[in-house]
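Structure first, commentary second.
No lab work stands behind these numbers, since they all come straight from the coordinates. Model, not experiment: these values are computed from the prediction. When we count neighbours, we look across all protein chains shown, and the Cβ atoms used for this are built from the backbone with ideal geometry, even at glycine.
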Amino acid sequence: MYITIPAIYPVVKSMHGDYADKKEALKRIIKQLHEGRSPDELKNEFKEFLAHVTPLEIAQVEEELVKEGLPREEIRKLCDLHLRVFEDALGGAVNLPDWHPVAILLSEHKMLIGYARDLLAIVNALKSEKTVELEALHQIIESLKSAENHYVREENVLFPLLEKHGITEPPAVMWMEHDAIRALKKEIYKLAEEKSPEALKQIPAEKLLEMLQSHFYKENNILFPASLRVIGESEWHDARKQFDEIGYCCFTPEKHTHVEREVSPDEKAGYQIMDAMEGKVNLETGTLSIEELIAMLNSLPVDISFVDSEDTVRYYNDTKDRIFPRTKAVIGRKVQNCHPQKSVDKVNAILNDFRNGKRDRAEFWINLKGRLIYIRYFPVRDRNGKYLGCLEVTQDITEVKKIEGEKRLLD
């Protein structure tokens, strides 16, 4: 049975009245949408109320609905319908400085849509048997490949920042869409490599364009405005620094003079403890200065990350040739949020086995850009066997696999 205006309207008595239950009203509208109610009907019925809804409130309500049991995949599937209902409350000009991470992401969105349109034009020309310059097609393909940095920056910098401010489900839904885009692009790359006219005609360029337009619209109108509401100025400066470390696609923004964020009282206390220790770490098998310890960990020929017993990311080393990107934004993030949704069950299974003592390692190997990558996970325990956390070790073993015989002399 659908709830009509009289059932919701008293909750929000007037646009200047009591908004304590505004989220509950929004939830009811979204639930009706998921039950099959027409978006246009809901939009007309609650027009006055919806005009005062903000992107942040939409993100927070979707967050709460998932926590209450609405499947995340269901939210993703019906996101476009949500936007139709709330579109009058979305949008509006956002005046951001060029250095700002969101300004960079918005510019990249425009350029990536342009690449998808150009790709569609070439595929349509091929289907019409027109002469096509294939070099232009391959340049577009390379541009789409370089766009991976765009998604990595969102997943490793923006999403963790949102999670720290209590917004976890909208980023998770967007990550699911990232993986769908990646899967489609993988199909496109495979067809492009065949180079035959018939294969090139099969490139799903129109589907890519539609997928990017839909995804970017959600980010531009809900995710980014919500992030601008909750993420502070100093955090954005720190995010830009992390953006620079990962790298860009489409264009390279002008250099930005980073503004150091304020150090929290807890961090200051930590620094004072370090000062009291005179920068030394006393271990059973030796003593190292803080500088030596950091340099030693960063010199290891492997990437390491440590997740504590509460599944919270606590540390990663900063090697010169890191295989998978890491940013400071992941520190304090739940490890489950650092993986795409399709991998979370596997992550939880490994961690549960480590906690229960059923497993003393988990290992995988993958091919990545022509390199063989070996990924291992180990439980970290104290002397009494108490589980302290999980250590991830990632290594490029391409050259190691080639080793034969012996080598006893220095080159």
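Hey, quick one: spin label on Ser234, modelled 7 Å out along Cα-Cβ, who in the stretch 300-334 has an amide N within reach, i.e. under 16 Å?
329
Within 10 Å, count the other beta carbons around each residue, average over each peptide in 56-65, 31-40, 380-389, 283-292, and list them highest first.
Highest to lowest by the protection proxy: 56-65, 31-40, 380-389, 283-292.
Starting from the exponent 0.38 and prefactor 2.2 Å, build the expected Rg for the stretch 101-246 from its residue count and divide its actual Cα Rg by it.
1.16
What percent does the relative contact order of the stretch 101-246 come to when contacts are Cα pairs within less than 8 Å and at least six residues apart? Walk me through the numbers on the way to the answer.
Values: 93 pairs, mean separation 55.2, N = 146.
The normalised contact order for the stretch 101-246 reaches 38 percent.
Taking 0.36 nm per intervening residue step and subtracting the Cα-Cα distance, what contour gain separates Asp308 from Glu142 on full extension?
Details: separation 166, 0.36 × 166 = 59.76 nm, distance 3.88 nm.
Full-extension gain reported as 55.9 nm.
May I ask you to list the lysines whose Cα is less than 30 Å away from that of Lys31, ignoring any residue fewer than eight positions away on the same chain?
Reachable lysines: Lys13, Lys22, Lys23, Lys43, Lys47, Lys67, Lys77, Lys164, Lys207, Lys218, Lys334, Lys342.
Could you sort the peptides 305-311, 401-407 by per-residue average Cβ neighbour count (10 Å cutoff), highest mean leading?
Ranked from most to least packed, the peptides come out as 305-311, 401-407.
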